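In what follows, a structure is listed as structure tokens, so that the remarks can point back to it.
The values are calculated or read from the model by the stated rules, or taken from the named source; none is laboratory data. Fair warning: this is a prediction, and the values are worked out from it, not measured in the lab. Positions of Cβ are generated from backbone atoms using ideal geometry, with glycine treated the same way; all protein chains shown enter the neighbour counts. Heavy atoms of the whole protein, side chains included, go into the accessibility calculation; ligands, DNA and RNA do not. Shrake-Rupley method; radii C 1.70, N 1.55, O 1.52, S 1.80 Å.
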Amino acid sequence: MKKKIISMTMAAVLGLSLAGCGSGPDNASSGGKDTSSSSSNSKGSSSEVANKDKPLVWFNRQPSNSSTGELDMTALSYNDKTYYVGFDANQGAELQGTMVSGYIKDNIDKIDRNGDGVIGYVLAIGDIGHNDSIARTRGVRKALGTGVEKDGDINSEPVGTNTDGSASAVKDGEIEAGGKKYVVRELASQEMKNSAGATWDAATAGNAIGTWSSSFGDSIDVVVSNNDGMGMSMFNAWSKDNKVPTFGYDANNDAVAAIADGYGGTISQHADVQAYLTLRVLRNALDGAEIDSGIGKEDDAGNVLSDDVYVYNEEQRSYYALNVAVTAENYQDFTDSTKVFEPVSKQLDSGSHPSKKVWLNIYNASDNFLSSTYQPLLQNYDDLLNLEVDYIGGDGQTESNITNRLGNPGQYDAFAINMVKTDNAASYTALLNQ
Ligand code: BGC
């Protein structure tokens, strides 16, 4: 696990350099005047802050190379008020993998549905170029012993179909349980991308399980998905009726509720902490406050996060929430994924934290996790933090569908960005540089 490394000196320096940043509370109303200047060197209407110097947070999709996973440090350190907020993908992936392998071992007497000694699973991959998706695929393959090494890490490529175990991107694993050895095989895996290009596509996953089950349904003992949107689509289309345990990720409300009906489990990526951090880092930067205020250090209202729910990696300028497995044992504690996290639920005083305008986009308005869990949480926190947020929903396919709606950045005090593709940070920063 990464070490929490908040540098107080750094925070203090930031605090000083941020003082006076942001525009006054009446920015929203006077923002309209700024239209013409925004195409040149945009200034906030009632402040002297250039767009390129305003607070910026990337969230959910970490600026990085979608082929190699290498972080895009140019985007992550765009200015001294730039951060990323996400969750610890490797810790979560490991949890997901061990949740699935633990379930198999605990239920070994009934899991092999056709009794052929092979535990077959299918895997829905969200986006082959998204680091969270890559980590989850690796975590599952590692825990089930089906991963093969490529370039020093577990290969995360989809296999298509592999009912005979001949695919080269995976290998057959082995599990010993109940005094018997079983082969574990990834029967099929595929990126769930629709014809228009949207990834993590739930409908595509529903169709895929239809195709897979009609040709080798009896061999499928476990269904695994990189997220709950796709997982629930497969559960509803096939595995619920066929009593095949299905595992996802995100702890969306519908998935947690489905655990009572046989959904195997999911992982909470602590979206309640992430949504808070997304807006909180902007709030602190706008206030010229220490960046750790209300995060590692209690703020004037009493908000503070404990070390067991997040880590900060200063070098990567990234906050990562920690994950928790949600299974039949504890799901009752996770039934409302849109509830604010109690330790950071106190209203800020509007005198010392005056209203500010934030532009925020969601890469795909139909992404189950972002629309049913993350955005409702953001909407709960924006009031508590006195932020007036404009929410822009993208189509999940093209960056321009979103950047076209950032025509007047001068109207806003801060920006929160969820890219369609992790490589595309420059499409946004180019608009802020103008
Ligand atoms: C979530 C997925 C979501 C994706 C979008 C991931 O962190 O787990 O459900 O589709 O982010 O970027």
If you scan the stretch 197-222, which residues turn out to be among the hydroxyl-bearing types (Ser, Thr, Tyr), out of contact with any Phe, Trp or Tyr (no Cβ under 9 Å at 6 or more places or on another chain) and more than 16 Å from the ligand (Cβ to nearest atom)?
Thr211, Ser214, Ser215, Ser219
Here the residues within the stretch 402-419 that are within 16 Å of the ligand (Cβ to nearest atom) and touching a residue at least 60 places away in the same chain (Cβ under 8 Å) are Ala416, Ile417, Asn418, Met419
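Residues are listed down the side, and each one gets a yes or a no for (1) touching a helix residue (DSSP H, G or I) at 6+ places or on another chain (Cβ under 9 Å); (2) open to solvent by 30 Å² or more (accessible area, probe 1.4 Å); (3) more than 29 Å from Asp423 (Cβ to Cβ):
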residue	(1), (2), (3)
Ser345	yes, yes, yes
Asp349	no, yes, yes
Ser355	yes, yes, yes
Leu360	yes, no, no
Asn368	yes, yes, no
Ser372	yes, yes, no
Asp382	yes, no, no
Leu385	yes, no, yes
The residue that is most open to solvent (accessible area, probe 1.4 Å), considering only those in the stretch 223-259 that are charged (D, E, K, R) and within 13 Å of the ligand (Cβ to nearest atom), is Asp254
Among the residues of the stretch 260-270, write down those that are crowded, with 18+ Cβ neighbours inside 10 Å and not aliphatic (A, V, I, L, M).
Tyr263, Gly264, Gly265, Thr266, Ser268, Gln269, His270
If you take the residues of the stretch 394-421 that are open to solvent by 30 Å² or more (accessible area, probe 1.4 Å) and within 18 Å of the chain's Cα centre (by Cα), which of them is nearest to Gln434 (Cα to Cα)?
Lys421
A careful count of residues in the stretch 131-145 that are modelled with pLDDT of 95 or more and within 11 Å of the ligand (Cβ to nearest atom) gives 3
